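The values are calculated or read from the model by the stated rules, or taken from the named source; none is laboratory data. Quick caveat: nothing in here was measured; it's all calculated off a predicted structure. Note that each Cβ is placed from the backbone with ideal geometry, even for glycine, and that neighbours are counted across all protein chains shown. Quick note on the areas: whole protein, heavy atoms, side chains included, nothing else; ligands and nucleic acids left out. Shrake-Rupley method; radii C 1.70, N 1.55, O 1.52, S 1.80 Å.
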Amino acid sequence: MSESIAPNLKTKVIQGTSVPTLGFGTWQLTGNECQRCVETALETGYRHLDTARMYENEAEVGQGIAAAGLPREDLFVTSKMWMDDLSPAAVEQSVADSLDALKLDYMDLYLIHWPNPEYDLAVTLEALAKEKERGRIKHIGLSNHTAAMMKEALQVTPIFCNQVEYHLYLSQNTLLELCRKNDILLTAWSPLAKGRMFDEPAVQAIAEKYGKSTGQVALRWLIEQDHVATFPRSSNANRIAENFDIWDFALDDIDCAAIENLPKDGRVGNPDWVSWEWDD
């Protein structure tokens, strides 16, 4: 890797905490495959792991962490509580269950996975703040919350992160502006838009220019942005390594303009329970 090419992009400092910019996602990875992939990711160089109660794989993620034998302080571990477990008692139990499954003393970041209008967001956040005071979580975050919801949350407690769908085909300008104003991390899920950009001529041209894959271009575009991190998922060891190999090139203004001109209406995740309007 050429240290002259954006050498500081591997981590970003958010609210005084250093966060690995490129993480490893574990959604839909289960059992022995999940543990193997986590081990492979950590061997490759990933230090940020993303899981959730809903994924039902926290135990396997924890086993992968244990097998890797890395110092705990070298890792940034994120998990999420499910949208039906937002009462104070459920918050306490969810945190306890996550820690027990992961076999960790604390999580670096714990998120409310999806909004649920049936719960009072302030009450849920106050319960998470108590868990932070106890040292069981280091930072409180949101996932799939709109800018309006984030503003409401910020009236209750500091918010470290909002994890949302973000990729070449989806704008998140409103959220990005709010995140940057408040020193909040925007973590992009589905960074490859379920592979849609693989056949995109504009992205293919950029990839050929640098001798990279279209996926690497998509990931590089994300991590070059201020206050943005991401976590691609793969069960293929070669692809896990490929996704991490994005440190030796940088996009120029022409590349970014070509990406900006792509359609921005390509949301790939919009579950039936979503009753709110998304930001642009």
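Can you give me the Cα centroid spacing of the stretch 19-80 and the stretch 86-130 in angstrom?
Measuring centre to centre over Cα atoms gives 19 Å.
Quick query: amide H of GLY23 versus all other amide H atoms, modeled in the peptide plane; which residues come in under 5 Å with a sequence gap of 5 or more or a different chain?
THR230, PHE231
Computed on alpha carbon atoms, what radius of gyration and Dmax characterise the stretch 8-124, expressed in Å?
14.5, 42
Give the span of the stretch 12-53's Cα atoms along each principal axis, as three whole-Å numbers ordered largest to smallest.
So the extents along the principal axes, rounded to whole Å, are 36, 24, 10.
At R0 = 45 Å, how high is the FRET efficiency between GLU43 and GLU177 if r is their beta carbon distance? Nearest 0.05 is fine.
E(calc), rounded to 0.05, equals 0.75.
Take the Cβ-Cβ distance between LYS103 and LEU262 as r, set R0 to 51 Å, and report the resulting FRET efficiency rounded to the nearest 0.05.
Efficiency at R0 = 51 Å is approximately 0.75.
Using a 7 Å offset from Cα along Cα-Cβ at GLN15, what residues in the stretch 76-98 end up with backbone N under 17 Å from the label point?
76-81
Considering only protein heavy atoms, what per residue accessible area in square angstrom results for the stretch 94-146 with a 1.4 angstrom probe?
For the stretch 94-146, the solvent-accessible area averages 39 Å² per residue.
Which three semi-axes in whole Å describe the equivalent ellipsoid of the stretch 50-199, each the square root of 5 times a Cα gyration tensor eigenvalue, listed largest first?
After diagonalising the Cα gyration tensor, the semi-axes are 24, 21, 14 Å.
Suppose we take every Cα in the stretch 88-171 and form the convex hull; what volume per residue is that in Å³?
105
Sorted from largest down, give the three principal axis spans of the alpha carbons of the chain, whole angstrom values.
Per principal axis, max minus min of the Cα coordinates gives 54, 42, 35 Å.
Output the pairs from LYS151/LYS212; LYS132/LYS194; LYS138/LYS212; LYS10/LYS103; LYS181/LYS264; LYS103/LYS151 with a Cα-Cα distance over 28 Å in this structure; if there are none, say none.
LYS151/LYS212; LYS132/LYS194; LYS138/LYS212; LYS103/LYS151
Which ³J(HN,Hα) values in Hz, rounded to whole numbers, follow from the phi angles of the stretch 209-224 under the Karplus curve 6.51 cos²θ - 1.76 cosθ + 1.60, where θ = phi - 60° and Gly and Pro get x?
Whole-Hz 3J(HN,Hα) from phi for the stretch 209-224: 4, 9, x, 10, 8, 5, x, 5, 5, 4, 5, 4, 4, 5, 6, 6.
Could you tell me what percent of the accessible area of the chain is made up of carbon and sulfur, with a 1.4 Å probe and every protein chain present? Don't skip to the answer; put the middle values down first.
Numbers: 5630 of 12150 Å².
C and S atoms contribute 46 percent here.
Work out, step by step, the length gained on full extension between ALA66 and ALA250: first 0.36 nm times the residue separation, then minus their alpha carbon distance; give nm to one decimal.
That pair, ALA66 and ALA250, stretches by 62.8 nm at full extension.
Considering the Cα positions of the stretch 130-229, please state its Rg to one decimal place and its Dmax as a whole number of Å.
16.0, 51
Once you have a ≥ b ≥ c as the square roots of the Cα gyration tensor eigenvalues for the stretch 192-268, tell me rounded if a/c is under 1.5, and otherwise prolate or oblate according to whether a/b is larger than b/c.
Rounded shape, in that the Cα axes give a/c under 1.5.
Work out the P(r) tail for the stretch 187-236: percent of alpha carbon pairs separated by more than 16 Å, whole number. The partial results should precede the final answer.
Working: 471 of 1225 pairs.
Cα-Cα pairs of the stretch 187-236 separated by over 16 Å account for 38 percent.
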